[in-house]
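Worksheet for the structure shown next.
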Amino acid sequence: MFFDLSDKQSLTTKVYNHIRDGILDGSYKDGDFLVETRLAEELEVSRTPIREALKQLELEGLVISIPNRGSMVQAISENDIDDIFTIRQILEGQAAYWATQRITKEQMDGLTEKLELMDFYTKKGDANQLTRLDNEFHDIIYKASDSRMLKHILGSLHQNIRRARASNLNLPARSNESLEEHRAIFAAMEAKDAQAAKKAMEEHIKNAHSAKG
């Protein structure tokens with residue numbers, strides 16, 4: 001059995017999470033067709049939860065339905081990526097500003113841990129671990145901003161942010177630069193300088209945008 005049935009999540013949710021994560025980490029690539037029968041066989045489930053998961057992914061813009069062919073992974077265009085980084089620069093700068101004012105000791109400890117691990121995996125050149133840690137570092141800041149509206153807006157962008165961000169961290173030079181930028185954000189937050197944290201975050205997003213592709 002592919003999924004642990006003792007888990008309280010519904011089967012559709014498990015299937016949705018599996019396919020979504022496959023799209024976001026590149027296991028399912030832009031333009032790939034997600035065939036219901038093949039997925040059902042691969043995941044050892046009926047076609048019903050596959051169909052329901054694909055409908056949800058289509059609503060979120062991760063797949064597109066092609067008549068008589070099925071669901072295809074929606075490509076993320078250069079214009080999409082430009083838009084994502086522009087919106088990120090505005091929203092994540094504000095998130096860093098508020099987070100600096102509202103962050104808890106436990107959340108600061110979490111950022112410290114992520115930075116230490118980023119340093120370790122940057123030296124090892126492990127892009128997969130760096131992508132995961134980068135996501136987690138930013139997630140802590142989202143939560144520390146303690147803004148329900150900002151978290152909601154960023155949540156709706158999170159999936160495409162993750163797709164756009166992952167491609168940049170695969171560049172070795174960018175990994176080293178990104179580590180220093182995260183350190184600058186952390187230092188400003190530790191110093192309780194909200195304006196400096198906002199500026200450091202905006203610079204980080206700007207540099208990530210410039211390095212894309």
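The values are calculated or read from the model by the stated rules, or taken from the named source; none is laboratory data. Predicted, not measured: the structure shown is a model, and the values here were computed from it. We place every Cβ from the backbone using ideal geometry, glycine too, and count neighbours over all the protein chains shown. We work out accessible area using only protein heavy atoms, side chains counted, and drop any ligands, DNA or RNA first. Shrake-Rupley method; radii C 1.70, N 1.55, O 1.52, S 1.80 Å.
Remarks
For every residue, the table says whether it meets (1) more than 23 Å from the chain's Cα centre (by Cα); (2) of a type outside the set (A, V, I, L, M).
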residue	(1), (2)
Ile23	no, no
Ala40	yes, no
Leu43	yes, no
Arg69	yes, yes
Met72	no, no
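- Taking first residues from the stretch 102-117 that are under 17 Å from Leu130 (Cβ atoms) and partners that are of a type outside the set (Asp, Glu) and at pLDDT below 95, the Cβ contacts under 6 Å between residues at least 6 apart in sequence or on separate chains come to Lys114/Leu133; Leu117/Leu133.
- Residues of the stretch 29-50 satisfying the condition of being aliphatic (A, V, I, L, M) and outside any loop (DSSP other than H, G, I, E, B): Leu34, Leu39, Ala40, Leu43, Ile50
- Number of residues in the stretch 94-136 that are assigned to a helix (DSSP H, G or I) and either open to solvent by less than 80 Å² (accessible area, probe 1.4 Å) or at positive phi (or both) equals 28.
- Flag for Thr37 being over 25 Å from Asn160 (Cβ atoms), polar (S, T, N, Q) and either surrounded by 13 or more Cβ atoms within 10 Å (Cβ to Cβ) or touching a residue at least 12 places away in the same chain (Cβ under 8 Å) (or both): no
- Enumeration of residues in the stretch 185-213 that are surrounded by fewer than 19 Cβ atoms within 10 Å (Cβ to Cβ), among the hydrophobic types (A, V, I, L, M, F, W, C) and under 21 Å from the mean Cα position of the chain (by Cα): Ala211
- Ser156, sole failed condition from (1) modelled with pLDDT of 95 or more; (2) open to solvent by 90 Å² or more (accessible area, probe 1.4 Å): (1)
- Every pair of residues 6+ apart whose Cβ atoms lie under 9 Å, when the first sits in the stretch 177-189 and is closer than 13 Å to Leu130 by Cβ and touching a residue at least 60 places away in the same chain (Cβ under 8 Å) while the second is open to solvent by less than 10 Å² (accessible area, probe 1.4 Å) and of a type in the set (Phe, Trp, Tyr): His182/Phe137
- Looking only at residues in the stretch 40-61 that are open to solvent by less than 60 Å² (accessible area, probe 1.4 Å) and at pLDDT 90 or above, the one that is farthest from Ser210 (Cα to Cα) is Val45.
- Looking only at residues in the stretch 77-93 that are of a type in the set (Val, Ile, Thr) and surrounded by 18 or more Cβ atoms within 10 Å (Cβ to Cβ), the one that is farthest from Phe186 (Cα to Cα) is Ile81.
- Count of the stretch 51-77 residues which are without any contact (Cβ under 8 Å) to a residue 12 or more places away in the chain and part of a helix (DSSP H, G or I): 2
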